[in-house]
Every structure is written in structure tokens, then in C-alpha cells.
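Worksheet: one structure, shown below.
Computed from the coordinates by the stated procedures, all read-outs in this text should not be read as laboratory data. What you see is a predicted model, and the numbers here were worked out from it, not measured in a lab. Note that each Cβ is placed from the backbone with ideal geometry, even for glycine, and that neighbours are counted across all protein chains shown.
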Amino acid sequence: MITVATWNVLHRVHAEKYGEPVADHWPQEPARIAAVTAWLKGRSEQVIGLQEVSGDQLASLRAGLPERTVFAFRFPRVPVPHREDATALGDPGEYLVLLADQPGHEVAGFAFDRAPGKGALAVRLNEMIVIVTHVSGDVRRVGELKRLARLAGEWPDVPVVMLGDFNIGRFAVTSELGQDFAVAELPLGSRATRPDTHGVAPGFIDHVVVRGARATDAEVEDSGGLSDHNLVRATIVQAETPAAAELRRRTCPRSESTEVNRS
């Protein structure tokens, strides 16, 4: 069993470009960056996937979370400010980030072919593959989800967990990924993962997706105005793979001497 979370922390350039209220609530980006790091430091989830992480935010995470293993993938696209008074960042690059309470190793990292600012980072943690992803919000997502399914297919006998901003609802995600995948179901009446911030209807677009495992106790937690997205958390219960079941059967044979005659 392992606890996980996914959160789009909102890159500063995107916040200012689209007029997100977060930029007004946090006029000094270094203060917001420090607050994001402090909030994540207090999280109990063992694995946390993050999207829209600026280079400045990544540096803060590395310095402020020494107890975590930090994996990062930098997109080839660098967000470009669209305002003359835009906040200057030391590293304006955009990253996918995975925070883990254990060591592991990166097994894949890429941007999608038609979206240099969207993609996936895959990390192996013990006997599990965790994929952090950010999927496009238009028709490109169909091909992107199919590529994510192919990526997960590289480890057919290992549980896979996807943590991401999918920009679509849960049923559309499973429709494109395939029947082997399941999306963690949120409780009825749950707050939105992407709240109504400035006239955009609230949505449930951030998900925990599993294959070869079960996601339970999913919930959305208010990010307190640190981002335009809320955090989604869940507990992952690993299912026994066919190979593991066969090994257990062969190494732990049923002993007749322990049988009780109940006739």
C-alpha cells in the first residue's frame, strides 16, 4: 500500500498570461514558491506528482525537501512572458516533477510529439512504475493518451500509477487509455480539482490512474489559493501480479497436515 498525490502548481508565466487570480494574490513569486514548498513539505503522501513546475520552484523543492528524492523532466518549450511587467524568473523552464520518500530511477521522460510543453516522466519505485503527466486540453490529447497507454505497456507485469493533469474527465481518460486502466473515483460532492477561478466552469480534470492496482480513498484537498488547481490524493493497493501469484503457489504449497476435517 502506498499513498500518492497529484497537483498542478501553476507556472508563473501561465498564471500571468491567462490572468489567474493566483498572480494577484501572490504578487511576489518567491513568496508563493516558498509557500508551495512549505505546503508540500507537510504532506504525508509517499509519492507526489507535480505539473507546471518552474525552474525556480524546482530549485526550492530540492533545497527545501532534502528528505525526498526529486525526479524532474524539463520540457523543450520554455514559457514566454506576454506582459511587459511579467515576473522575472531565474529559470523560466517548465518541468514535470516526482517527489518520492524512497530512491528509484527514471525510466522515461519525453514531450509529446505535437505539444512541446506537455508530456510524461516515468520513474520506477521498487515494484511499481509511477508516471507523472500533463496532457493537452484539445484534440491532441487522443494521441497523447494512446502514447501513455503504450508507455505503461512496456511493463506489463508491473503495477502502473499515473498522476496528472489530464484536462478531461475520468470517463474520457479510461476510454482512451483502455479497459486495463481505472481512474480513482472521488466522493460524491467533492470539490473540483480545477475550481472556477475567473469565469471558467469548475472541472474534474486531475486524476490518479492505475493499472494492475486499486486506487482507494481518493479525495481533493483545497490548495489554499497557491494554485489554480487543487491537490488530488489517493491510496494505492497493489494487486498481485500473475507472476507473483505463481511464485507464491510454488513456494508455499498447501500442506495436508494442516487441514481440519470438518465433515
>> For the stretch 2-243, compute the orientation-averaged projected area of the C-alpha convex hull (one quarter of its surface), in nm².
In response: 12.3
>> Using only the alpha-carbon atoms, how far is helix 29-41 inclined from the longest principal axis of the chain? Give it as 0 to 90 degrees, nearest 10.
In response: 20
>> Run the paramagnetic zone check for K17: 7 angstrom along Cα to Cβ, then residues of the stretch 86-104 with backbone nitrogen under 19 Å.
In response: 86-97
> Given charges of +1 on the Cβ of Lys and Arg and -1 on the Cβ of Asp and Glu, with all other atoms neutral, how large is the dipole of the stretch 20-116 about its Cα centre, in debye to the nearest 20?
Replying inline: 200
>> Considering only C-alpha atoms, what is the centroid distance from the stretch 85-130 to the stretch 20-66, in Å?
In response: 15
> Counting only the backbone N, which residues of the stretch 150-191 are under 13 Å from the spot 7 Å out from the Cα of E127 toward its beta-carbon?
Replying inline: 157-160
>> Is there a quick way to get the dipole size of the chain? I mean about its Cα centre, with the Cβ of Lys and Arg at +1 and of Asp and Glu at -1; what is the value in debye to the nearest 20?
In response: 620
> Sorted from fewest to most neighbouring beta carbons within 10 Å, what does the list E144, E94, E154 look like?
Replying inline: E154, E144, E94
